[in-house]
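A quick write-up on the structure given underneath.
What follows is calculated from the coordinates using simple rules that are stated; it is not laboratory data. Since we're looking at a predicted model, the values are computed, not measured. Note that we place each Cβ from the backbone using ideal geometry, even for glycine, and neighbour counts take in every protein chain shown.
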């Protein structure tokens, strides 16, 4: 019987267990209950082993190399440990080993049961694993590795050890595919990691691979594959490729920190080689200038023309009868880009063709600006609640989310990453919203001036009216005070952003690109890894001009974006949460003036009647408009006071966790809610070189806003138009 039991444990069929692990009924009367229990326990082990072997044989015919690698590793583990234990047990029986054979004549079933008891839990776990593998027709490497790593995190050491070895076998197979892509730029015909356009396929990466490493894998693989496909005159050196392959052989993706470090080092080395042989200084300089002209509005005539064309497009669609022609589509906005360039310096700029507008919500019908106004109490409570809420400016230019994109082609995409372009897009949304609001306020000022000149032809030095003479005078002064405060604030903010931030930082970047020695000394990148000998920085031209390595180039561009976002106040959510309502209040005021025919005062003959009684009495319309303008005035000053207060606090608050990469930190959580980048700038002795310069920018803005002490001096709440001229030093 012992020989029969050992054959069953080795995976053979037997009459003892005709179907599964249950003992044949005819044997039960011949056995003691304890012996019967031991036999059924051994039969359970043998049945699980046969189930696993059968599943392995089936899965080994799979087209997935990862499943085949797992099955091969499992078969080897079972052969080395389980099957060898069966053979070893049989040898002990034949040699009458006293550990197993009692008195040299009989073998207790309990001893055999105890010998194989250590495989109870592992075989149960492996049977469950095989069932899960068979339940799914196709397994991608990412979910497969994730599942194995999850199963290996158990308190049973033997199970954890076996599943970990299976996971390592699959990871090694995946690492071979990764090495082919990273080192040679080649993709397998079956189970590739990326598509033909070098986009990672879903499920090709385990979750333990960070987003930064995934971006680096795509970057390096696409770069090497493109260089090979285009048959570039220079190819990656063989020694460098061999070194990268050796580096990958030393790490597995489950060791996330070390894996990220290796991938980052490979990316750095490949980037340096590309900068030496593929990407030129001229390409980078043209791209930086183009992005600054169109995304940072440095081409002023084009940006103004674009804002006007979008406004004309909205008006033309509003005046069109309902139908397909009343919708605004992406092609209409892209046509507006080309129309706006006519007669400007952008007309013959080839980089203009890289710009495209996108409507994430699809074609829309334009809407008129909202005329509803929050009360001062509701506005104060909304500012007090959720100070860190994400604020986006992408819906102010058109009234619906609008994104300006830049089509980056090879080899420029080696330098400009998608995260960089998202930052440029966020800056464009903010700057275009500010510029549009500023233009609208100036147009409103012109409209009010023209209306007042036309009225004074008939009223002389007064404002006309009879019973409502005094109210008309107060309404006019209140309206002029509101538009004056709006124009002053927007003038100050726009001048600060465009002159003190955008222009200064752009000139600084140009200077660093032209003076590499200074750029290298001011580089603040913290991802620096030692370059390999094959990728060491050498001046290939032999000229006197210092060489600007690719890592330094990326670092100074990242710092440039970081300083732009910081200087524009976009990295402080409390400030952006105030700036957007200010723009909206200005838009509401301009919309009210347009609705009233371009003048804050109603025409003298617009109201009143000879009939007695009724609501159409003299002064009713003036009083109604006075309430609207007064409420807008209150809301505006609450927002301006809150903005100055938050801006003052931001220069003294202690920083949170410092970060050194704007392209990663600014887009964290898909928002601009990054306190640390903004706040660390104002702590002396920390951050990058030039922090004091950015700090001085913000201090200049504070001084300009408080030029007459109106913010810093304690004051009471504004009345309904009282002393609004004295407030500006005009009375």
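Some points to look at:
- Whether segment 102-186 is rounded, prolate or oblate, judged on the alpha carbon gyration tensor where a/c under 1.5 counts as rounded: prolate
- Cα shape, segment 150-278, gyration tensor, a/c 1.5 rule: prolate
- With R₀ set to 41 Å, the beta-carbon distance separating residue 327 from residue 285 gives a calculated FRET efficiency near 0.55.
- Net lengthening on full extension, residue 154/residue 361 (0.36 nm per residue, minus Cα-Cα): 69.9 nm
- The modelled label-to-label distance for the pair residue 172/residue 235, using points 7 Å beyond Cα in the direction of Cβ, is 2.9 nm.
- FRET E, pair residue 699, residue 443, Förster distance 30 Å, beta-carbon r, rounded to 0.05: 0.40
- Distance from the Cα centroid of segment 618-645 to that of segment 166-181 is 67 Å (rounded to whole angstrom).
- Packing-based exposure ordering (other Cβ within 10 Å, fewest first) of 198, 82: 198, 82
- Residue 80/residue 7 FRET efficiency (R0 22 Å; Cβ-Cβ; nearest 0.05): 0.65
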